[in-house]
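The values are calculated or read from the model by the stated rules, or taken from the named source; none is laboratory data. Note that the structure is a prediction, hence the values are computed from the model and not measured. FYI the Cβ positions are ideal-geometry reconstructions off the backbone, even for glycines, and counts take in every protein chain you see. Each accessible area value is taken on the protein alone, full model and side chains, heavy atoms only, with ligands, DNA and RNA left out. Shrake-Rupley method; radii C 1.70, N 1.55, O 1.52, S 1.80 Å.
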Amino acid sequence: MRVMAQLAMVMNLDKCIGCHTCSVTCKQTWTNRGGVEYAWFNNVETKPGQGYPRRYEDQGRWRGGWTLRHGRLVPAAGGRVRRLLSLFANPGMPHLDDYYQPWTYDYRTLTDAPLGDDTPVARPVSAVTGAPAEVTWGPNWEDSLGGAPEHAAADPVVQRLGREVRFEYEQAFMFYLPRICEHCLNPSCVASCPSGAMYKRSEDGIVLVDQDRCRGWRMCVSGCPYKKVYFNHKTGKAEKCTFCYPRLEVGQPTVCAETCVGRLRYIGVLLYDADRVGEAASTKDEQRLYQAQLGVFLDPHDPAVVREAQRAGIPHDWITAARRSPVHELICRHRVALPLHPEYRTMPMVWYVPPLSPVVDALAGTGFDGEDSGNLFGAIDTLRIPLDYLAGLFTAGDPEPVRMALRRLAAMRSHMRAVNLGEPPDPAGPARVGMDAGSVEAMYRLLAVAKYEDRYVIPTAAVGDAHDLEGIATTCAVGGDGGAADGSTDLFVWRDGERPAGLFPTLRREAP
Ligand code: SF4
Ligand code: SF4
C-alpha cells in the first residue's frame, strides 16, 4: 500500500441554479487577460447540451483520455510514436470555433461617431483579431436549453441513448453541470505532454503546467477528455485550472467554491492507494470503473491506513482532515457522489451528487406527494430515461449506482420531512436504501445545513512544504505506451531524482 493524499471536490447538482457566479469569479481571478479570452477554467453547462467546447464528450472525434489495448492502458490518441507524428497536425485539436470566437463591442463608436440621424450602435468585434464578428455561438449558448431541441439533440450522451429517448427526456427535466479540471489520479494530459511540463503535485494531487517547460505543443489540450487545458495564444503556453492552490495552501477554498451561490461545493482530503491506480484505471468493463475507483480510496479511520500514511510522510493535519473530509463522506460513506465520465479512465477527482429535484417536481406535477419515499422510489424507477442519461454521465451507462444514489437522497428527504414535522419517521425508509436514521441525518446535515467549515476541510499544516514543492515538479502517468515523456512508467517520478527532506519519504522514485 502506497498512501497518498489528494484534495478533491464534490458538487451537489440538486442545488445548482446556473447563476454562473463561479465562472465569472474564476474568470476574473485567473483568465481576465489577453490570450485566454475564450478560456473558462470553470464553466457551467446546461444538460442535455453540447457543452464547452462543443461536443467535448465525443471521444470518437477528439480521442482524449485513455483506452485499453490488449489489456494495457494507452492514450486514446495513440502511442508515443503516433503522438509525436501528430505534433504538427493534430486531428484531435479543437479549433477556436469549437470553443467560440471571443468578442467584445466597438464601444468607441458610441462616443466618436459623427453627428448624424442614426443612433450609433456598438457592434460586436472579435476580441482576438479586432475584426467585425457575427455572434453565433458562445460558451453558454445553450443556457437553460436555449435553442433546444436543436442543440440538446447534438449532446453526445443523448445521441448514445437514441432519438426516442431524447424527446421523452426533454419533457422530463434539465439541469446544470458546473465543470472544472478534474485533477485526475491518472491524468492523460500529463502523459500527453512531450515536454514534461504538465505535472501532478505529490503533496495534494493538483495538476499544474510548468510555464517554463511548456513548449506549446498543445498535446495536453487534445489529450484531456474533459477539454480543461487551454492554449494561451499570446504566450504560446498551455494554461489550466490550478484548483486555486495559492488559496488552498493557506486553508481557503477555491474561488469557485467560495463564491458559489448555491453552497453546493465541498472540498476535502481523500487518502488513496497509489499502487492501485493503474490497475483500477485498467478495469476491463468500463461500467465497473466507478467501483474500481472507489476501491482505490482508503478509509482514514482504519489504523493500518493511518500507520501507512504516517510512514509515507503525510502530515498529521492531513490525516485528521481526511477523517473529517466531507468529500470522503459523500463519496465513500453515503455513496451519493459519482465521478464524471469514468469511462475516460483518467480517475477524475471532482465528483457529483446527481440531481433529484426534477424527479420530485415531475411527481408533484402528477398530483402525488413528491416527498413521500414510496412515491419517490417509484418515480425514480419510472423515469428510467433520465436515469439512463445520468448513468451516461456518471457511471459509463450503469444505472444501478445512480438509482441507489437517488433513492438515498429520496429517503433522506422523506425521513427529514417526518422529523421536521414532528412525526415518527418510518425506520423502514433508510433501511430500504441500506442506511440507518443516524447516517441519513448525518448526510442531511452535510447536504442541507453544513456550515462553511464543514463544507471546506482544508489542511494547512504543509504550507511551508508547499513552497518547496513548487520547485520539484513531478510527472504522473501509468505504464505502457501511456508513459511519461521521459519514458518512465511509474506513477510519480521526481524530475531531478531527488525530493526535499520531510516530504513523503517513501514515495521517491528514480526514473528507470
Ligand atoms: S486530464 Fe484530468 S487533470 Fe488533466 S486537464 Fe483533463 S481533467 Fe484536468
Ligand atoms: S455559483 Fe454555484 S449555483 Fe451558481 S452556477 Fe456556479 S455552481 Fe451553480
Subset of the range 8-44 (residues that are without any contact (Cβ under 8 Å) to a residue 24 or more places away in the chain, open to solvent by 40 Å² or more (accessible area, probe 1.4 Å) and under 18 Å from the mean Cα position of the chain (by Cα)):
V24
Can you say whether E142 is over 30 Å from L7 (Cβ atoms) and surrounded by 18 or more Cβ atoms within 10 Å (Cβ to Cβ), as far as the supplied structure shows?
yes
Pairs under 9 Å by beta carbon, first residue outside any loop (DSSP other than H, G, I, E, B) in the range 334-354, partner open to solvent by 10 Å² or more (accessible area, probe 1.4 Å) and among the acidic types (D, E), six or more apart or different chains?
P342/E286; E343/E286; V353/D14
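For C181, state whether it is within 16 Å of ligand 2 (Cβ to nearest atom), assigned to a loop (DSSP other than H, G, I, E, B) and under 18 Å from Y245 (Cβ atoms).
yes
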Just one listed residue, out of A304, A292, is more than 16 Å from ligand 2 (Cβ to nearest atom), surrounded by 15 or more Cβ atoms within 10 Å (Cβ to Cβ) and farther than 22 Å from Y444 by Cβ, and it is A292
Would you be able to say whether some residue in the range 42-59 is over 22 Å from H95 (Cα atoms), away from ligand 1 (no atom under 16 Å from the Cβ) and not polar (S, T, N, Q)?
yes
Which ones in the range 14-43 are within 26 Å of L446 (Cα to Cα) and in contact with a Lys or Arg (Cβ under 9 Å, 6 or more places away or on another chain)?
K15, C22, N42, N43
Read through the list (1) more than 18 Å from the chain's Cα centre (by Cα); (2) more than 26 Å from V190 (Cβ to Cβ), then give the number of the only condition that L264 fails.
(1)
Search the range 89-118 for residues that are touching a residue at least 40 places away in the same chain (Cβ under 8 Å) and pair each with any residue that is surrounded by 13 or more Cβ atoms within 10 Å (Cβ to Cβ) and aromatic (F, W, Y) when their beta-carbon atoms are under 7 Å apart and the residues are at least 6 apart or on different chains.
G92/W62; L96/Y38; Y99/Y38; Y99/Y52; Y100/Y38; Y100/W137; P102/Y38
If you take just the helices (runs of 4 or more DSSP H) that sit entirely in the range 396-445, which of them hold at least 2 residues that are more than 29 Å from E286 (Cα to Cα) and in contact (Cβ under 8 Å) with a residue 24 or more places away in the chain?
399-420, 437-444
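At pLDDT below 90 and either of a type outside the set (A, V, I, L, M, F, W, C) or part of a loop (DSSP other than H, G, I, E, B) (or both): does that describe V121?
Numbers: at pLDDT below 90: no; either of a type outside the set (A, V, I, L, M, F, W, C) or part of a loop (DSSP other than H, G, I, E, B) (or both): yes.
For V121, the condition - at pLDDT below 90 and either of a type outside the set (A, V, I, L, M, F, W, C) or part of a loop (DSSP other than H, G, I, E, B) (or both) - is not met.
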Would you be able to tell me the number of residues in the range 341-371 that are crowded, with 18+ Cβ neighbours inside 10 Å and under 25 Å from G262 (Cα atoms)?
15
Pull up the range 45-56, narrow it to residues that are of a type in the set (D, E, K, R) and within 13 Å of ligand 2 (Cβ to nearest atom), then point me to the one that is surrounded by the most Cβ atoms within 10 Å (Cβ to Cβ).
K47
Given the conditions (1) within 16 Å of ligand 1 (Cβ to nearest atom); (2) out of contact with any Gly (no Cβ under 8 Å at 6 or more places or on another chain); (3) basic (K, R), report the number of the one that R63 does not fulfil.
(2)
Across (1) crowded, with 17+ Cβ neighbours inside 10 Å; (2) modelled with pLDDT of 90 or more; (3) within 30 Å of A191 (Cβ to Cβ), G92 clears everything bar (2)
If I go through the range 187-205 residue by residue, how many of them are touching a Lys or Arg at 6+ places or on another chain (Cβ under 7 Å) and either buried (at least 23 other Cβ atoms within 10 Å of the Cβ) or among the β-branched types (V, I, T) (or both)?
4
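Could you grab me the full set of residues in the range 180-199 that are more than 6 Å from ligand 1 (Cβ to nearest atom) and of a type in the set (G, A, S)? Reasoning before the result, please.
In the first step, residues of the range 180-199 are kept if they are more than 6 Å from ligand 1 (Cβ to nearest atom); the result is 180, 185-186, 190-199.
Within the range 180-199, A191, S192, S195, G196, A197 meet the criteria.
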With the condition kept exactly as written, say whether any residue in the range 264-274 is charged (D, E, K, R) and open to solvent by 20 Å² or more (accessible area, probe 1.4 Å).
no
Quick one: would you say R69 is open to solvent by 40 Å² or more (accessible area, probe 1.4 Å), out of contact with any Lys or Arg (no Cβ under 9 Å at 6 or more places or on another chain) and touching a residue at least 60 places away in the same chain (Cβ under 8 Å)?
yes
Which members of the range 72-82 meet the condition of being within 25 Å of the chain's Cα centre (by Cα), open to solvent by less than 50 Å² (accessible area, probe 1.4 Å) and over 15 Å from Y344 (Cβ atoms)?
G78
Would you check which residues across the range 225-255 are open to solvent by 10 Å² or more (accessible area, probe 1.4 Å), more than 24 Å from P315 (Cβ to Cβ) and either among the small types (G, A, S) or within 16 Å of ligand 2 (Cβ to nearest atom) (or both) and list them?
G236, C241, V255
Does Q287 satisfy the condition of being open to solvent by 20 Å² or more (accessible area, probe 1.4 Å), assigned to a loop (DSSP other than H, G, I, E, B), touching an Asp or Glu at 6+ places or on another chain (Cβ under 8 Å) and of a type outside the set (G, A, S)?
no
